[in-house]
Amino acid sequence: MIKVWPLLRDFFFKHNINRFSSSFEGHSGSLLYYIPVIILGLMPFTGLFFTLLFNLKSLLYDQMNRFLLIWATFVFLFFSLSGTKLPHYMIYGYTPLFILMARALPLSLHPGRFVLWPLLFLAALASLPFLLPVALQHIDDGYIRAILEGAAGLTGLNYLLVIGAAIAGLSLITFLPRLPAEWKMILNGIVFSLLITLYLMPCAGSLMQEPVKEAALMTKKKGYNIVMWKTWNPSFLVYLESFVERRLPVPGEIVLTTVKELDMLDNPAILYRKNGMVLAKMRQ
């Protein structure tokens, strides 16, 4: 028999109504939160998005365009007013935006300039190996420092070569003669997708998710009974294939937390530490 009230309470009230009325797990932001999310999320087609905005008045004469605009605007406004904000919420509005952008392409006066947006983004990525050491000198948060130190280890020569190859690929496509603008954009999208899927996402996974996975697998192998404190990593439970309590650890227990919380504990024994994540045993 299905228990209706727990479904209504947890799914509808907690994870829908309450997420809208307040911020969950620190995921908050201003009313302008989704503007940079859209600019980055539409890469490498951000330039075409601005063509859409500049020609919006003429596009609104078409009934289908009005429907698509209402769809995209509703998603943008709804989640901008929501208390809990996450970048992927805007995905629900990308479909109408992409269709509108495709319809706006013939109105572009300088389609060759669209490549400037992804090139600027890639140039920013290429500068990370030089900016991270500077950033580390001005950050006091121990957890963020640990993540940036881990990121610095991933942005070596191979990283620069891959980003450089992507920049060269986009530049080459732009100057291909007699290739229509729409095909150049498709090819740019393929290069960008391959870069993100085959390289950048695995790097991000190694930085952020690998420590969680390794800590969970170690916990499972050793048979530790742990508590989770001052952090929330649902994927840890997936790798562990079990649940854990979220509370302050007591002497003798093993805790999963972050490096910035270690000073609040009584000199625990470190069992595992990587990119800011820590497994530690409380002294008895």
Report whether or not PHE50 is in a helix (DSSP H, G or I), out of contact with any helix residue (DSSP H, G or I) (no Cβ under 6 Å at 6 or more places or on another chain) and either crowded, with 17+ Cβ neighbours inside 10 Å or modelled with pLDDT of 85 or more (or both).
yes
Can you find a residue that is without any contact (Cβ under 8 Å) to a residue 60 or more places away in the chain and within 26 Å of PHE121 (Cβ to Cβ) anywhere in region 220-234?
no
State which residue is nearest to the chain's Cα centre (by Cα) when the search covers only region 245-263 and only residues that are surrounded by 19 or more Cβ atoms within 10 Å (Cβ to Cβ) and farther than 27 Å from GLU149 by Cα.
PRO249
Cβ contacts < 6 Å: first residue in contact (Cβ under 8 Å) with a residue 12 or more places away in the chain and farther than 18 Å from LEU148 by Cβ, restricted to region 194-212; second residue part of a helix (DSSP H, G or I) and of a type outside the set (Val, Ile, Thr), any location; separation 6+ or different chain. Result?
LEU195/ALA166
Within region 110-126, can one find any residue that is outside any helix (DSSP H, G or I) and closer than 25 Å to LEU176 by Cα?
yes
When both residues are 6+ apart or on different chains and their Cβ atoms are under 8 Å apart, which pairs have a first residue that lies in region 264-284 and is buried (at least 17 other Cβ atoms within 10 Å of the Cβ), and a second that is assigned to a loop (DSSP other than H, G, I, E, B) and of a type in the set (Asp, Glu)?
LYS281/GLU253; MET282/GLU253; MET282/ASP266
Identify, please: which residue in region 85-122 is within 14 Å of THR46 (Cα to Cα) and small (Gly, Ala, Ser) and is, among those, surrounded by the most Cβ atoms within 10 Å (Cβ to Cβ)?
ALA104
What number goes with the only condition from (1) outside the structural domain of VAL259 (by TED's automatic domain parsing); (2) at pLDDT below 90; (3) within 30 Å of GLU261 (Cβ to Cβ) that THR174 does not pass?
(3)
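For (1) closer than 21 Å to LEU32 by Cβ; (2) at pLDDT below 90; (3) among the polar types (S, T, N, Q), each residue gets a yes or a no:
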residue: LEU60; (1), (2), (3): no, yes, no
residue: SER82; (1), (2), (3): yes, yes, yes
residue: MET90; (1), (2), (3): yes, yes, no
residue: GLY93; (1), (2), (3): yes, yes, no
residue: PHE98; (1), (2), (3): no, no, no
Quick check: is even one residue across region 257-264 aliphatic (A, V, I, L, M) and either touching a strand residue (DSSP E or B) at 6+ places or on another chain (Cβ under 6 Å) or in a loop (DSSP other than H, G, I, E, B) (or both)?
yes
Looking at SER206, SER171, can you tell me which residue is under 18 Å from LEU120 (Cα atoms) and polar (S, T, N, Q)?
SER171
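The values are calculated or read from the model by the stated rules, or taken from the named source; none is laboratory data. Note that the coordinates shown come from a computational prediction; the quantities given were computed from them, not determined experimentally. Neighbour counts are summed over all protein chains in view; Cβ atoms, including those assigned to glycine, are modelled from backbone coordinates with ideal geometry.
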